[in-house]
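The values are calculated or read from the model by the stated rules, or taken from the named source; none is laboratory data. What you see is a predicted model, and the numbers here were worked out from it, not measured in a lab. Ideal geometry is used to build each Cβ from the backbone, glycine not excepted, and the neighbour counts take in all protein chains shown.
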Amino acid sequence: MFAVIKTGGKQYKVAQNDVLTVEKLAGEAGDEVRFGEVLMLGGDTVTVGAPFVDGAAVVGELLEQGRGEKVISYKKRRRKHSSQRRKGHRQYITKVRITDILADGASKPAAKKAAAPKAEAAAPAADAPAETDDLKKLSGVGPKLEEKLNANGVFTYAQIAAWTEEDVAAMDEKLSFKGRIEREGWIDQAKALVADAE
């Protein structure tokens, strides 16, 4: 049996006991990770999702966190007095071993959940707290993005200011931000807004 899953904005075809390298996931070595975005299940019968297969999940064990090989970006304009630019980049990666493919994701409980953002624990997604902040004051956050953050239990600047690296990685994975939180400097902005409110 195989499955096609989506994580980190990419798609992977996986089978049991496969070891794959994906973009960074929150958690430590030995943690169980569950991929709920299953696009297709294959085997005796093939099930294609629209866009995801209902109730399907892929369970894996997080093996190690690390960084990929350095990629060099080099740009040069020819002729005299021209410019050139050289940049290096090493992507954060996670190695995962696929332990199980579940056609019904609810049938097997997670043994050890990966680290979830503290913001979710602080406020349930369904019930907004009495006082909420205008998250649109953060750069890059509009009405739609504010709704997504509220749906994931983020309502105040204090919650964002208290995020750790694991929380940022989990929120990146959940909402497919692709590094927007660090790039836009939301945590620093949130700390400044909290200080101004005091």
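Annotations for the structure displayed:
- Selected residue (criterion: surrounded by the fewest Cβ atoms within 10 Å (Cβ to Cβ)) from residues of the range 48-86 that are β-branched (Val, Ile, Thr) and more than 30 Å from residue 30 (Cα to Cα): 72
- One residue stands out in the range 128-140 among those that are part of a loop (DSSP other than H, G, I, E, B) and touching a residue at least 40 places away in the same chain (Cβ under 8 Å): the one that is nearest to the chain's Cα centre (by Cα), namely 140.
- Residue list for the range 146-165, restricted to those being part of a helix (DSSP H, G or I), more than 16 Å from the chain's Cα centre (by Cα) and either surrounded by 20 or more Cβ atoms within 10 Å (Cβ to Cβ) or not assigned by TED's automatic domain parsing to the domain that holds residue 132 (or both): 157, 159
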